[in-house]
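The values are calculated or read from the model by the stated rules, or taken from the named source; none is laboratory data. All figures in this text were calculated on a predicted structure; none of them were measured in a lab. When we count neighbours, we look across all protein chains shown, and the Cβ atoms used for this are built from the backbone with ideal geometry, even at glycine.
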Amino acid sequence: MRKIRVDAVAGRASIAPMLSRGPTAAVIAALVMLAGAYAGAETVYKWTDEKGTVHFADAPPAHSGGYKAEDLPDAPPPAAAAPADATSAAGANADGGKPGEGRAPSGPARVVLTDHKAVPLGPSLQAYRGAVKNEGGVEARDVVIAIVVTEPIQGAECLHDQIDVEPSTLPPGGVGTFEAEFDNPCFHGPTEAALQAEWR
């Protein structure tokens, strides 16, 4: 491992060996450091002092000899951005979704919740609304949302019911919505609800 020491006043950097790892590691570390510290520099000066420490700087040393000047290549220009229409044509599907979303559904029916929220309507009245999508390749029939509400302090189940999805039959890629209101004393306090799509 090498310790990097930067002399900001003189504009020089030096690498002081702490453990022996070879000259290549010192050169790599110095060049990485110089790339950040001297981003605008075009020439790097390298010399070894009387103690054997290798130095790198953007100006020649004060003493007259024993240094080597190396020209650094110019930094590459920033990558040009691809035209917006080419990017969207290559990466998005026809309905504007993310890459890969345009693939045809396959496999058995698989209904997933795409959105859901609980809306308090009164002291003991709560509404649940959301949407589902059939991401499988086969029609899903009799789609419902199973809801289980528990009281988190004691963990007691206070509601176990189903919410109808409209439409109840979802073709591959089909979307449905659900909404239901429940009046239950367990909503007087904090509750936790688990919603899961079920179908046949």
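Residues to consider are 115, 164, 183; find the one that is among the acidic types (Asp, Glu), at negative phi and in contact with a Leu (Cβ under 6 Å, 6 or more places away or on another chain). On inspection, the qualifying residue turns out to be 183.
The numbered conditions (1) loosely packed, with under 14 Cβ neighbours inside 10 Å; (2) part of a loop (DSSP other than H, G, I, E, B) are all true for residue 172 except (1).
For (1) in contact with a Cys (Cβ under 7 Å, 6 or more places away or on another chain); (2) farther than 30 Å from residue 138 by Cβ; (3) modelled with pLDDT of 75 or more; (4) of a type in the set (D, E, K, R), each residue gets a yes or a no:
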| position | (1), (2), (3), (4) |
| --- | --- |
| 65 | no, yes, no, no |
| 81 | no, yes, no, no |
| 84 | no, yes, no, no |
| 89 | no, yes, no, no |
| 103 | no, no, no, yes |
| 125 | no, yes, yes, no |
